[in-house]
1. Putting +1 on Lys and Arg Cβ atoms and -1 on Asp and Glu Cβ atoms, find which of S185, I228, A108 reaches farthest to the positive end of the dipole of the chain.
2. What FRET efficiency do you get for K320 and L295 if R0 is 41 Å and r is their Cβ-Cβ distance, rounded to the nearest 0.05?
3. With θ set to phi - 60°, apply the Karplus curve 6.51 cos²θ - 1.76 cosθ + 1.60 along region 328-339 and write out the HN-Hα couplings as whole Hz, x wherever there is a Gly or Pro.
4. If you average the C-alpha positions of region 377-411 and of region 326-361 separately, how far apart do those two centres end up, in angstrom?
5. For the chain, what does the helix formula give at 222 nm: sum of -39500 (n - 2.57) over DSSP H segments with n ≥ 4, over the residue count, nearest 500 deg cm²/dmol?
6. Over the chain, what is the relative contact order in whole percent, taking alpha-carbon pairs under 8 Å and six or more residues apart?
7. May I ask for the Kirkwood hydrodynamic radius of region 181-270, worked out over all distinct Cα pairs and given in angstroms to one decimal?
8. Filter K253/K320; K60/K169; K127/K320; K430/K458 down to the pairs with a C-alpha to C-alpha distance above 18 Å, please.
Amino acid sequence: MTLKEMARIVRPILLGIPGQARHIAQHDVPELIRDVRGFTARDFLVFSKYWLMCWLCIGKVVLRRGPIGFTRELLRYPWMLHLLRVTKLMRRLARGRHGGYLESICMAVYTVAALLAENLEEIFYHKDSLIITEEMVPPDIARAMGLNVWMLEVMGILLPMLSPEGTLKYIDEAENAGINPDACSLPKATVGMILKGHMPTGLAMVSSNMPCDAGMASYSYIEQEYGIPTYRLDVPHNFTDERAERLFAEDLKGMIAFLEKHTPGRMDWDRLKEICEGRNRMLELELELWDMIRLRPAPLAAEAVILSHMWHFNLWAGHKLSIRHYERLVELARRNLAEGVPAMENERFRAVLWNPPFPHFIDIFNRCERDFGVVLINDSMTYNHHTPIDTSTPDSMVRGLSTVIMQGPMVRHTRGPAQNYLDDIFRMVKQFDLDMVWVANHVGCKSGQAINGILREKCRAQRIPLLVLDYDLLDPRIVSQDGMMNQVEFFMENVMKAPRLDQETIPC
């Protein structure tokens, strides 16, 4: 890169600093003061502790790389500027929460920052062992082979959580390159980041035929742009029978052979056993957490449940920090149960969120807790029927991981017959004593939209209130946050007959 090209990139960043400083002074500081004012002394200490730990994670990455080195990485990956907003995300999710519930939320955000910092250092320092994978391919096997993994879709999900408009330029880039504007915005954002050269390049790439046609098709663009050896996992359509498990286990063995051919990685079965046992421990703890949140009122909820699963099971299963995170979640839930302290004081309604969540409005359930007393108990990206992986032999571990992958988020609900999509919804209604079902009606997900009519009929038959909330996964230009809240308010007032808490005049 020439000095002229570098100056062209750095100049708008430097010119934007005064504006960012004014925005912080005019908006962020008053909001911070307002939010902290509602904390108890203990809440303030807990929030401050995790706020500081997040900044220490960021500072460690910057200092270790050095000013010049980090500037080079920032020019290569300009989306890293958005990561500086992690404490703002923590503050948004912490509003109105107290005690163990507040700590669980802050801890979830901190662990995202800590493990992302570790992942960034892998792409900075260990490019000689870096591979690229799709979000539907858990990195357990690759990490057991001594490889570092960068999941392409991760930043597409994380950036809008930190900054609602964080992926818009990448979505536009992909559409300008010819990707269908009606396609899901996640593959569009991912392709856009690659087309702009804002993604790392690995030695090889592993993708799959999951979770949907748009996601699968996007890897034709990506493979062409990268030009690196690529292995495509092929999950059978009927993925629940024994024959499918055998076939896909053989496919995973083919992936191992492919990675050993094209990378320096070599399979370490003892290391894979350690990772699988860590995953089993996390599963055990998560099931215990689910048992506790079945009780009304729930001791923990919302992002403590769904963000933890999204980050730790899909990206860092078996990691020591992930295991410790779940151990601490269970400790906090047990303590709240023992002391009779609910996650939310005014829990009036319990909901499940079906389909992908709302990255650009990740704090919507924080708003709904405070406005209507609606508590998110679980979501479809988290809920699963996984069984512990048998770690007795290499074959049993591969077979167990094949089941986990084939029944990954979205995949287990959007492939095969309609029962795969519908049965878990009504199972969760009974298991968690839910009052309503929310469907995240992502406009780019045509298969999900197609089944809403059947779902409406079944919910009417069982007298289960159903909110079909229109939005786009990553693009707030389609439906704004105000537009989403208007849909919620209309549903709560007209279907649930529940006014806002601050407008309520009679007991609900």
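Every read-out reported here was derived from the displayed coordinates using simple, explicitly stated rules and does not represent laboratory data. None of these values were measured; they are calculated from a predicted model. Please note: Cβ atoms are built from the backbone with ideal geometry, for glycine as well, and neighbour counts cover all protein chains shown.
1. Among S185, I228, A108, the one farthest towards the positive end of the dipole of the chain is A108.
2. Numbers: r = 30 Å, r/R0 = 0.72.
Result of the calculation: an efficiency of 0.85.
3. Running phi through 6.51 cos²θ - 1.76 cosθ + 1.60 with θ = phi - 60° gives 5, 4, 5, 4, 5, 5, 4, 5, 4, 5, 4, 8 Hz.
4. Cα centroid to Cα centroid, the span is 23 Å.
5. About -18500 deg cm²/dmol.
6. Value for the chain: 15 percent.
7. 14.8 Å
8. From the list (K253/K320; K60/K169; K127/K320; K430/K458), the Cα-Cα distance tops 18 Å for K253/K320; K60/K169; K127/K320.
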